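The values are calculated or read from the model by the stated rules, or taken from the named source; none is laboratory data. Computed from a prediction, not measured in an experiment: that's the story for all the values here. Cβ sites come from the backbone with ideal geometry, for glycine too, and all protein chains shown count toward neighbours. Areas reflect the complete protein model, heavy atoms only, side chains present, ligands, DNA and RNA absent. Shrake-Rupley method; radii C 1.70, N 1.55, O 1.52, S 1.80 Å.
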Amino acid sequence: MYSLKKLYKIGNGPSSSHTIGPMEATKEFLKRYPNLDTVNVILYGSLALTGRGHLTDYIIEKTLLPIPCKIDFDISTQMKHPNTMEFFGYQDKKIIGHMIVYSVGGGAIEIEGEQPLKEENIYPLNTFSEIAFYCKKHKISLVQYINQIESLDDYMEDIYQAMINSVEKGIKTSGVLPGSLQVKRKATYIYQQKVNETEYEALRRRVMAYAYATSEENASGGLIVTAPTCGASGVLPACLCYALELKKYDHKTIIDSLKVAGLIGNIVKTNGSISGAEAGCQAEVGTACAMAAAFLASLENLEIEAIERASEIALEHHLGLTCDPVDGYVQIPCVERNAVAALRAIDAAKLASYINSNESKISFDMVVETMLDTGHDLQSSYRETSEGGLAKKFH
């Protein structure tokens, strides 16, 4: 598996697959072909169908400035990956550069015909069962396993602060989200509600507000953390703020638990998918919920089996979740879905703490494999194309 730095990235929304990935691809193309007169980019699959709503054309054009760029949206040609872009670079009206790139989720890219850099695969074990077996054999925790492989404390401090910042900014901001839907921002309204409720109910309401806050920042192109993606970026920060409100965990434990959450996301990314275009929203919000559940279970210093169970419960009950953004915007149903998943993560972690995880017959690895199979079985119209589900009914 790759470094957790490849999973947790600080960047601008609204979509890691549709903005951060294409931005990275454009930078790589310019790096390889620096002396271009013009560039032509063809977007395929989900990038073509929802690229305008996700600002894909905008981010490519902005990254290429001052080089003129022509972008074509090809919605009919079937490519190897649903998030495919093809670059043509011209000099004196002759093609001198060509590159086909896949945006594979979480802002990561793969270039056709090339293998990812081998040195990036720094984790020798790829499944939860392998990692758990190693940890038990050597009598270490998941955090200790991560720390054996890479030094992340400074990096995770930046991730922590970026998550907090996204919540704080989103909570204070009102108005309308950009785009034709004219969706009103709701984080501030939810947070400031004055209703007859218990303190427990008030805390859960604030968790929803926190998830809305980051998700609305993402939808506005604000700075967020991919956890594991932009579209699912509101779940883990909401649970992070929930943990801070409980005031029972020291800062080091919180940072360490964010590492464990990242490990869960990395396992899904390696053996399943975190791309809505490849496997539906179960790959994005489902993974985010599993990460947040693992984070909360780790905070409570639960056994490795219980952390696995929390992650498994969270992901299992997102199986089959479609990705059907209305008009291609990461707004409906995406923002609300982040809030629901944040609450589900809290409940999944609680449930895992109550049951005997050693008796479970379903492993996290099994659910990850099932999620990928389910995603491939979903019709393409339910995989971030805006051609099915709510996106179709809306019109």
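For the reader, a short list of remarks on this structure follows.
- Whole-percent carbon and sulfur share, accessible surface of the chain, 1.4 Å: 51 percent
- Karplus 3J(HN,Hα) series, Hz, for the stretch 249-263 with 6.51 cos²θ - 1.76 cosθ + 1.60 (x for Gly, Pro): 10, 6, 4, 4, 5, 5, 4, 4, 6, 5, 5, 4, 4, x, 4
- Three-way shape call for the stretch 184-276 based on the alpha-carbon gyration tensor, with the a/c threshold at 1.5: oblate
- Converting phi to 3J(HN,Hα) with the Karplus coefficients 6.51, -1.76 and 1.60 and the offset θ = phi - 60°, the stretch 42-54 yields 10, 9, 10, x, 4, 4, 6, 6, 10, x, 5, x, 8 Hz in sequence order, with x at every glycine or proline.
- Length gained when the stretch Lys5-Gln192 is fully extended (0.36 nm per residue, less Cα-Cα span): 63.8 nm
- Gly221 long-range amide H proximity, modeled H, under 5 Å: Gly13
- Charged neighbours of Ile67, selected by a Cβ distance under 12 Å, balance to 0 (K, R count +1; D, E count -1).
- For Ser141 and Glu201, the difference between the fully extended length at 0.36 nm per residue and the C-alpha to C-alpha distance is 18.3 nm.
- Straightening the chain between Tyr134 and Asn301 buys 58.3 nm, computed as 0.36 nm per residue apart minus the Cα-Cα spacing.
- Dipole axis of the chain (+1 Lys, Arg; -1 Asp, Glu on Cβ), positive-most option in Ser215, Gly280, Leu142: Ser215
- Calculated P(r) tail over 22 Å for the stretch 248-395, as whole % of Cα pairs: 38 percent
- Label positions at Gln379 and Lys252, each projected 7 Å from the Cα along the C-beta direction, are separated by 5.5 nm.
- The 3J(HN,Hα) values that the Karplus relation (6.51, -1.76, 1.60; θ = phi - 60°) gives for the stretch 286-291 are, in residue order, x, 5, 4, 5, 5, 4 Hz. Gly and Pro appear as x.
- FRET efficiency, 1/(1 + (r/R0)^6) with R0 45 Å, evaluated for Lys70 and Leu351 via beta carbons: 0.30
- Accessible area in square angstrom per residue, the stretch 106-176, 1.4 angstrom probe: 60 Å²
- Calculated P(r) tail over 34 Å for the chain, as whole % of Cα pairs: 26 percent
- Amide H contacts under 5 Å for Asn121: none, restricted to partners 5 or more places along the chain or on a different chain, H placed in the peptide plane at 1.01 Å from N.
- Per residue, the convex hull spanned by the alpha carbons of the stretch 291-362 comes to 75 Å³.
- Only Lys, Arg (+1) and Asp, Glu (-1) charged, at Cβ; the stretch 324-395 dipole about Cα centre in debye: 260 debye
- The amide H of Val183, built 1.01 Å from its N in the peptide plane, has Leu177 as neighbours under 5 Å, considering only residues 5 or more places off or on other chains.
- In the chain, the DSSP-assigned H stretches of four residues or longer account for a calculated mean residue ellipticity at 222 nm of -15500 deg cm²/dmol, using -39500 (n - 2.57) per stretch and the full residue count as denominator.
- For Ser360 and Ile96, a Förster radius of 45 Å and the Cβ-Cβ distance give a FRET efficiency of 0.20, rounded to the nearest 0.05.
- Accessible area of the stretch 240-373 divided out per residue, in Å², using a probe of 1.4 angstrom: 33 Å²
- Rounded to 10°, Cα long-axis angle of helix 21-32 versus longest principal axis of the chain: 50 degrees
- Top positive-direction residue, dipole computed over the chain with Cβ charges, set Gly170, Asn35, Ala108: Gly170
- The stretch 267-388 - charge dipole about Cα centre, Lys and Arg +1 at Cβ, Asp and Glu -1, debye rounded to 20: 220 debye
- Only Lys, Arg, Asp and Glu carry charge here, each on its Cβ (+1 for the first two, -1 for the last two); on that basis the chain has a dipole of about 780 debye about its Cα centre.
- Virtual spin-label span in nm between Lys27 and Leu390, 7 Å along Cα→Cβ: 3.1 nm
- Pairwise label distance in nanometres, Thr38 with Ser174, each label 7 Å out on the Cα-Cβ vector: 4.8 nm
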